[in-house]
Amino acid sequence: MFRYVLSICLSFSLIGCGGSSSDDAIEAVIEEVQAVAEIDPNIADLNRTRSANVQFVNTSLDSMDYFVNSSTSTSLLFDPNNRALTNNNNEITSKSFEWTKTDSIRASLGIQDTNSQTQQAELKSIPIEDTDKWWAIAWRDGGERQDDLMLTALKRQPSAMNSVYRVRVFSQSDTQVINTNLNDLQTIVATKGTITRHLTIQSCNSDLFFGAQSVDLCNLDISKSYLLITDGSNLLLAAEEKQ
């Protein structure tokens, strides 16, 4: 079937270049190609636009430039043409990316400090599927300015429930996350640079602890799902996990 369509397209190209055929002949070829595409939807699907959304999050204490590059590109990741956006500290910015031909691509992500442009971190060959939704988090190992710049990519996983807070915790250092819902004590370890499973928090100011530090969620909206970023004791940023 694909070979047949290729033959039709080639005929169409010759007709257009020769200039000797009538408009009716060109129209007939177009109609035939469209008819074949209707029979085989995989052909029409080749040019369908795919997209993925990335929420860029910065808790690095410095302004950061974010870079995105396809793995098939010959340009360097930190080429100025690959700069997606700039985020200040504690800023969240959303950006969607589009492509065609295949349902999935591989991309590289990078961050570079905006001012000196001497600090960088990157992730190579991340598989991204059509309709994917990601976090790209810039952070410091241990949360201190002098520590290494880090970049982590995570898929967003909204998990909202009525009348409670649903949270996942991303920590910049190893810490205990304690949930005291209705005296049913839950303690899990948040490992540096990874994200916990979802937790259900009922009270906004007395149920969640990072180590010995109580975490106040009262400025967040109940019945929503959030990514919480901590340095191991303090809540640095809360970002809603959206569909």
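Observations on the structure shown:
- In a fully extended conformation the segment linking Thr194 and Glu98 would gain 31.8 nm over its present Cα-Cα distance, using 0.36 nm per residue.
- For the residues Val68, Val189, a 1.4 Å probe over the protein chains yields an accessible-area ranking, largest first, of Val189, Val68.
- Approximate shape of segment 178-234 as ellipsoid semi-axes (Cα gyration tensor, √5λ), whole Å, largest first: 17, 14, 12
- For segment 110-118, the Karplus equation 6.51 cos²θ - 1.76 cosθ + 1.60, evaluated at θ = phi - 60°, returns couplings of x, 10, 8, 5, 5, 7, 7, 6, 10 Hz by residue, with Gly and Pro reported as x.
- Three principal axis extents of segment 50-155 based on alpha-carbon atoms, in descending order, are 43, 26, 18 Å.
- Residue order for Lys95, Lys242 - accessible surface, 1.4 angstrom probe, largest first: Lys242, Lys95
- Two-decimal Rg to Rh for segment 130-243 - Kirkwood Rh, Cα set: 0.96
- Over all other residues within a Cβ to Cβ distance under 11 Å of Leu220, the charged ones net out to -1, with Lys and Arg as +1 and Asp and Glu as -1.
- Environment charge at Ser206 (Cβ cut-off 15 Å; Lys +1, Arg +1, Asp -1, Glu -1): -3
- Remark: segment 66-73, residue by residue, has Karplus-estimated 3J(HN,Hα) of 10, 10, 9, 8, 5, 5, 8, 6 Hz, where x stands for each Gly or Pro and the curve is 6.51 cos²θ - 1.76 cosθ + 1.60 at θ = phi - 60°.
- For segment 53-94 and segment 135-209, distance of Cα centres in Å: 23 Å
- Taking every protein chain into account, the 1.4 Å probe leaves Phe209 with about 50 Å² of accessible area, to the nearest ten.
- Among residues other than Lys192 with Cβ under 9 Å from its Cβ, the summed charge is -2 (Lys and Arg +1, Asp and Glu -1).
- Gain in span if fully extended, Gln213 to Ser116, counting 0.36 nm per residue against the direct Cα distance: 31.5 nm
- For Ala107, residues with placed amide H under 5 Å, excluding near neighbours: Ser71, Ser125, Ile126, Ile128
The values are calculated or read from the model by the stated rules, or taken from the named source; none is laboratory data. What you see is a predicted model; the values in this text were computed from it and never measured. Cβ atoms come from the backbone with ideal geometry, glycine included; neighbour counts cover every protein chain shown. The protein model used for the area step is the full one, side chains on, heavy atoms only, and it has no ligands, DNA or RNA in it. Shrake-Rupley method; radii C 1.70, N 1.55, O 1.52, S 1.80 Å.
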